[in-house]
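Inspection log for the structure reproduced underneath, given as structure tokens.
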Amino acid sequence: MNPSTPPRPLLAALQDRTESVTVWGAGFIGLSAACALAEAGFSCAVLDIDEHRVREINAGVVPLPGFEDVIPLADARSGGRLRAATPDDTAAVAARVHLVCVNTDRDGRPVTGPLTTVLTAIGRARTGGETLIALESTVSLRWLDELVPAALDADPTTEASLHLVAAPRRDWMLSPDMNLRSLPRVLGTARPESLPVARELYDAISDVVHPAPDWRHAGLTKPVENLYRYLDLVLTNQLAEAYPGLDVPEVLRLAGTKWNVPTFHPSIGIGGYCIPLSPRFAVDGVDEDTVLPLVTSAMSWDGDHPARVAESILRIADGPIGILGLSYAPNARIVEGSPARRIAEHLLARGADVLLHDPYFTPEEITALTGARPLRWPDDLGSLGTLIAATPHALYGDLPSRLAGLQNPPTVVDNLGGYGAALRDTAVRYAEWGTPATRP
Ligand SMILES: NC(=O)c1ccc[n+]([C@@H]2O[C@H](COP(=O)([O-])OP(=O)(O)OC[C@H]3O[C@@H](n4cnc5c(N)ncnc54)[C@H](O)[C@@H]3O)[C@@H](O)[C@H]2O)c1
């Protein structure tokens, strides 16, 4: 472009797809967004500090084990509109449209570093023209109010050339049907004038867009929707503690027959990096003691849950304790927020002999991540005194028949109760988590 020619209005350039988009972060969220945008006709650069991820993407490989079939990288690349680079790619950093999809958590806690770094880089590269920055990463209200303006060195609520958008994601990455296109998308902008520009981008990749009154309302939606689930799950675990003489899973199954009550199951812990973090994002910036006492009390109780679970297990354990499943979700490699990891650490700290297996982690990774000895599946099953079935990976589908065939099977502590029916008429001692058998 001739330097004297004023740039085209952003809305028009988005409408005819001549505007390039820079996506920050090549994790599940960034890469899936970039693929969707490329398929919708936008040229996309995905920036990541992880050079391995960058190389893999440019070689046509989805760098996220287990998600190769969920992220349509090959389709997106076939049009030649998607490339990956590191953040020293000055052309991509100077783009007018940015999707920020970097991690905002580490080791189970919200972190601001990656978001601050990215926004600072975008702010420095701005030359004063129109810039759209959509925050897909999970954020707190305080971050919108304080961190974003400070990092950008600009006030998004008043500066007319800035279009700041909060567009949180709610994908369930293990289900290809619950994705960025199919799930209703909430978005809000810092200034009302930015909404048409933001909608041009998001209507291209999401079937249903729900505009929020502004970016603060949109940003808070994400922690709040997950907070409802978090509180339900904490309550579920509290009920199991409160009624040790009752089959609480059965009570919850019966309660779930009511039209407005979902069926919950007590567990050894709440896993992942969305639900357990939601209260931290929700209370950030709120006078937590007076305004959200229910949330702070749940967080405090939940923080002690792994220790309680470990104590209960040690009361029924006999001999080496095996754990099946490190990843909190079945058939995926996700160590973040792993309840099995927390329980293993507490058991080890109390002197127990703990072995752990997960098909998505090498034996070396298991030991490095948890301190437990690697459990050889299925060879070691017969040498265990107790087996915690933490995560029902597909590989463990024949666990009941394998246990039933052993001379001295371990006592099974079943986190989610899925193996009970198949073990009912066998000699295997079985304790579904939350029943009196787990509270001797
Ligand atoms: N994964 C999900 O299902 C999901 C769902 C809803 C919301 N979210 C939110 O979306 C965000 C991203 O999640 P994710 O699962 O994709 O995370 P992720 O950790 O898999 O990916 C984040 C990527 O950002 C990169 N990164 C960090 N700092 C960077 C920088 N300065 N410049 C460029 N890249 C940088 C990291 O190297 C990493 O590859 C988080 O805020 C998360 O809470 C995730």
Quiz item: How big is the accessible area of S267 in square angstrom, nearest 10, if you roll a 1.4 angstrom probe over the protein chains?
Solution: 10 Å²
Quiz item: Could you give the distance between the Cα centres of the range 270-308 and the range 191-260, to the whole Å?
Solution: 15 Å
Practice problem: Working from Cα positions, state the angle (0 to 90°, nearest 10) between the long axis of helix 305-316 and the longest principal axis of the chain. | Solution: 20 degrees
Exercise. Would you work out what percent of the accessible area of the range 306-440, with all protein chains in place, is carbon or sulfur (probe 1.4 Å)?
Key: 50 percent
Practice problem: Calculate the dipole size of the chain relative to its Cα centre from +1 charges on Lys and Arg beta carbons and -1 charges on Asp and Glu beta carbons; express the result in debye to the nearest 20. | Solution: 280 debye
Quiz item: Percent relative contact order of the chain, based on C-alpha pairs within less than 8 angstrom and at least six residues apart?
Solution: 11 percent
Quiz item: How big is the accessible area of M299 in square angstrom, nearest 10, if you roll a 1.4 angstrom probe over the protein chains?
Solution: 40 Å²
Quiz prompt | Residues of the chain: accessible area per residue with a 1.4 Å probe, Å² | solution = 44 Å²
Quiz item: HN-Hα J couplings of the range 205-213 from phi, Karplus 6.51/-1.76/1.60, θ = phi - 60°, integer Hz, Gly and Pro as x?
Solution: 10, 10, 5, 10, 10, 9, x, 8, x
Self-check item: Residue of V102, V291, V197 that the Gaussian network model of the chain assigns the largest fluctuation, springs spanning Cα pairs under 10 Å
Solution: V291
Quiz item: How about the range 1-108: which GluC sites (Glu not before Pro) there are in a DSSP loop, with at most 16 other Cβ atoms within 10 Å of their Cβ?
Solution: E68
Exercise. Determine the relative contact order of the range 10-213: mean sequence separation of Cα pairs under 8 Å and six or more apart, normalised by residue count, in whole percent.
Key: 19 percent
Quiz item: In whole Å, what is the distance between the alpha-carbon centres of the range 326-399 and the range 100-159?
Solution: 37 Å
Self-check item: Accessible area of the range 10-213 belonging to carbon and sulfur atoms, whole % at 1.4 Å probe
Solution: 51 percent
Quiz prompt | Charge dipole (debye, nearest 20) of the range 216-440; +1 at Cβ of Lys and Arg, -1 at Cβ of Asp and Glu | solution = 260 debye
Self-check item: Relative contact order of the range 302-440, pairs being alpha-carbon contacts under 8 Å that are 6 or more residues apart, as %
Solution: 24 percent
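The values are calculated or read from the model by the stated rules, or taken from the named source; none is laboratory data. For clarity, every value in this text was computed on a predicted model and none was experimentally measured. Every residue, glycine among them, receives a Cβ derived from its backbone with ideal geometry; neighbour counts consider all protein chains shown. With ligands, DNA and RNA removed, areas are computed over all heavy atoms of the protein, side chains included. Shrake-Rupley method; radii C 1.70, N 1.55, O 1.52, S 1.80 Å.
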